[in-house]
Amino acid sequence: MDLTTNIGIWVALVVIWIAAAMVTTRRMTRDHPLSDRPHPPVVSGFCLLNPLRVLLTKGVKAMIHEQHRALGSVFTLSFFGVNMTFLVGPEVLDHFFQGPESEISHCNVFEFMVPILGKGVGFGADIATRTEQMRFHNDALKRPKIRNCIGAMLQEVEEYFAKWGQHGTVDLKHEMEQLVLLISSRCLLGKEIREKMLDEAHTLFRDLSGGMSLTSVLFPYAPTPTNRRRDAARAKLAKIFTEIVRSRRGRVQDQEEEEDVLQNLIDSKYKDGRPTTEAEVTGLVIMLLFGANNTTSVTSTWTGACLLRHDHGRWLAAAAEEQRDIAARRRGGGGIDHGALLEMDTLHRCVKEALRMHPVMPVFFRKVHRGFTLRTKDGAEYEIPGGHHLASPALFNHRLPCIYSDPDVYDPDRFGPQRQEDKVAGGGGRFAFTAFGGGRHSCVGEAYAYMQIKVIWSYLLRNFELELVSPFPDTDWSKLVPAPKGNVMVSYKRVAA
């Protein structure tokens, strides 16, 4: 772990919490106690020096581990008037993921996304509007509609890897970034972008992604060069999508309608019958692309790095064998399709295990608006007061030895039917695996992401011999979505058809 960048992102998050608290404290009134139950144990004042020392010298996981061992699964770090309560373990996460927005929400943590998505979209909209917009995303990414994307995904993957030679060495991280962008452009942005202005859109989205830097996260409205590039890119994208939306809505009745996610968002309507505006469609597409592009390319790279690691040969062999079996069964039935992807249980578990060990969202945050009580695994009950911030550290919860055996070992079989460590009674539970969030805030693109990654790795495993030739990568904690650090060099050799 790179401690310097690790510290940087955590210091940045601390500042965000403080800023969010300063903005919202005036609006908040402290709850009357719900009962005589105690609040969680608190570390404050000079006692914070020790967890800060551990954070600086050993990293955030070590800091959480030490506090968890000393104080239990629920504890509060109090600094500058801000109370950050950590929830460790699935048994204390029910209200965190299931509570209504009026009682527990993201609050201002994602204020930096407003300039990226636009006002009136996502975290720049009121709760009622945001809820309806999530419904639009859900409808656009339902399984029947994902099935319609499989053919396009397969075509993009085949055309991309057709450009590889008979053998060579590539940076897997770069290859995944490029390929996922092509797939996302085809399935999410529409053929107008994919066929006519992909390079321009790529450049604009890269500039827009600058709004995810730590400086922009901390100061989203500061007149920095990065923010100015972000805003200029956002304005150009808005113009592009406005023209596309107007063109599609202006088609004559007998013209064939596109069957892509963009069209679904254009056709979406609020409960009062109001259609989505051009500005809302732009923001909703950007929101989906951010989720689909960064997280999917990062997870695809981690999956490959884990499979190709020299001491993981067993899993690479098992995944490749599964591909040969499926290809053989379907040789006369049309090849790889949606049904074949659903049969890839071994590959699915390999992806899921990579997500467990390298979650794209290492910590989830909420703000408590109305106090609630919770019970720990050991039977202790605490009252969580209104005004507290909550943190659910997936990077730690995913490695609890009481749930996952040998949690630091890559072992996809832990999710197999014989073990199901994330679900079995007494061990895991409904929130033992939260790579895609959970409850009310489950990621709407989970099925789409799995399908996209499986399409990519199914093709690679069937058509190439692969070897990781660089060291297994460390995690780059300076990124909002922690990615493999540096190049991930892989040698390939095309196998005979």
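The values are calculated or read from the model by the stated rules, or taken from the named source; none is laboratory data. As the structure is a computational prediction, the values presented were derived from the model and not from experiment. Here the Cβ is made from the backbone with ideal geometry for all residues, glycine too, and neighbour counts use every protein chain on show.
Let's see how each residue does on (1) more than 23 Å from THR299 (Cα to Cα); (2) assigned to a loop (DSSP other than H, G, I, E, B); (3) out of contact with any Gly (no Cβ under 7 Å at 6 or more places or on another chain); (4) modelled with pLDDT under 90:
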residue	(1), (2), (3), (4)
VAL360	no, yes, yes, no
LEU374	yes, no, yes, no
SER392	no, no, yes, no
PHE431	no, yes, no, no
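Per the listing ARG324, ARG356, ARG375, the residue uniquely touching a residue at least 24 places away in the same chain (Cβ under 8 Å), charged (D, E, K, R) and more than 24 Å from VAL455 (Cβ to Cβ) is ARG375. Here the condition is being in the same structural domain as THR85 (by TED's automatic domain parsing) and either at pLDDT 95 or above or touching an Asp or Glu at 6+ places or on another chain (Cβ under 9 Å) (or both); of PRO412, PRO385, it holds for PRO385 alone. Take the residues in the range 471-497 that are among the small types (Gly, Ala, Ser) and touching a Gly at 6+ places or on another chain (Cβ under 8 Å), then tell me which one is modelled with the highest pLDDT. By that ranking, first place goes to SER491.
Here's the yes/no breakdown for (1) modelled with pLDDT of 85 or more; (2) in a helix (DSSP H, G or I); (3) assigned by TED's automatic domain parsing to the domain that holds TRP302:
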residue: THR169; (1), (2), (3): yes, no, yes
residue: HIS174; (1), (2), (3): yes, yes, yes
residue: GLU177; (1), (2), (3): yes, yes, yes
residue: LEU181; (1), (2), (3): yes, yes, yes
residue: LEU188; (1), (2), (3): no, yes, yes
residue: GLU195; (1), (2), (3): no, yes, yes
residue: ASP199; (1), (2), (3): no, yes, yes
residue: LEU204; (1), (2), (3): yes, yes, yes
residue: SER209; (1), (2), (3): no, yes, yes
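Does at least one position in the range 407-420 carry a residue that is crowded, with 17+ Cβ neighbours inside 10 Å and among the polar types (S, T, N, Q)? The answer is no, given that none of the residues of the range 407-420 is crowded, with 17+ Cβ neighbours inside 10 Å and among the polar types (S, T, N, Q). Suppose the filter is closer than 17 Å to LEU288 by Cα, touching a Phe, Trp or Tyr at 6+ places or on another chain (Cβ under 9 Å) and not β-branched (Val, Ile, Thr); does LEU204 pass it? No, not satisfied. Where helices (runs of 4 or more DSSP H) sit wholly within the range 35-115, those with at least 3 residues that are crowded, with 20+ Cβ neighbours inside 10 Å occupy 60-71.
Taken over the range 116-126, the residue count meeting the criterion of being on the phi < 0 side of the Ramachandran plot, touching a residue at least 12 places away in the same chain (Cβ under 8 Å) and outside any helix (DSSP H, G or I) is 1.
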